[in-house]
Amino acid sequence: MALIIQFTENSAGIKLSLEKQRTTIGRDAANDVSLDDELVSKEHAVIEVIASDDKVEFLIQDLNSTNHTFVNDSPIDIHKLKDGDHIRIGMNDFRFISQDPDSMDETAQLYKTWIPGVFYTGKKKKTAKKKSAKKKSKKK
């Protein structure tokens with residue numbers, strides 16, 4: 001699953017999941033993401049999901065908007081999104097997040113330690129075991 005997060009004044013705002021094949025962005029209320037901003041065209045941009053045999057890609061395309069669509073501060077016509085890309089449409093800032101569902105499950109599972117208020121994930125516990133195994137092999 002991928003999403004875009006809207007940022008306002010350096011704080012995270014609305015999370016918008018990109019579950020549809022085609023997500024439209026613009027000022028018109030008929031868009032999937034409707035932005036109340038005079039600098040945004042009625043039909044400003046679209047994010048499309050392109051699925052191939054082994055991977056999923058996300059493309060953002062400017063729909064000939066008046067004020068352009070920007071990715072990482074560069075105007076684009078069409079752009080393949082990468083994790084962490086900064087999208088600007090009018091006065092609206094978004095961050096594209098490409099998430100692997102497996103990695104989300106790992107980080108969601110927390111374990112308590114005997115120290116009050118200290119937790120760890122299952123993944124970190126495995127890393128600690130690997131480090132101790134490396135130390136033992138170096139001692140030999």
(request) State the extension gain, in nm to one decimal, for the chain segment bounded by GLU19 and ILE78, taking 0.36 nm per residue of separation less the distance between their alpha-carbons. (result) 19.3 nm
(request) Calculate the spin-label point distance for ASP53 paired with SER98, positioning each point 7 Å from the Cα along the beta-carbon direction, and give it in nanometres. (result) 1.9 nm
(request) Sort THR24, THR66 by accessible area with a 1.4 Å probe, largest first. (result) THR66, THR24
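Please compute the net charge surrounding ILE76, taking Lys and Arg as +1 and Asp and Glu as -1 over other residues with Cβ under 13 Å from its Cβ.
Working: positive: LYS80, LYS82, ARG88; negative: ASP62, ASP73, ASP77, ASP85.
Residues close to ILE76 contribute a combined charge of -1.
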(message) Heavy atoms only, 1.4 Å probe, whole protein assembly: order MET1, MET91 by accessible area, highest first.
(response) MET91, MET1
(message) Not counting ligands, DNA or RNA, and with a 1.4 Å probe, what is SER34's accessible surface area in Å² rounded to the nearest 10?
(response) 60 Å²
(message) Heavy atoms of the protein only, probe of 1.4 Å, neighbouring chains included. What is the accessible area of HIS68 in Å², nearest 10?
(response) 90 Å²
(request) Sort GLU43, GLU38 from largest to smallest accessible area, using a 1.4 Å probe on the heavy atoms of the protein chains. (result) GLU38, GLU43
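The values are calculated or read from the model by the stated rules, or taken from the named source; none is laboratory data. Note that this is a predicted model, so its numbers are computed, not measured. Heads up, the Cβs are rebuilt from the backbone with ideal geometry, glycines too, and the neighbour counts pull from every protein chain shown. Keep in mind that these areas ignore ligands, DNA and RNA; they rest on the heavy atoms of the full protein, side chains included. Shrake-Rupley method; radii C 1.70, N 1.55, O 1.52, S 1.80 Å.
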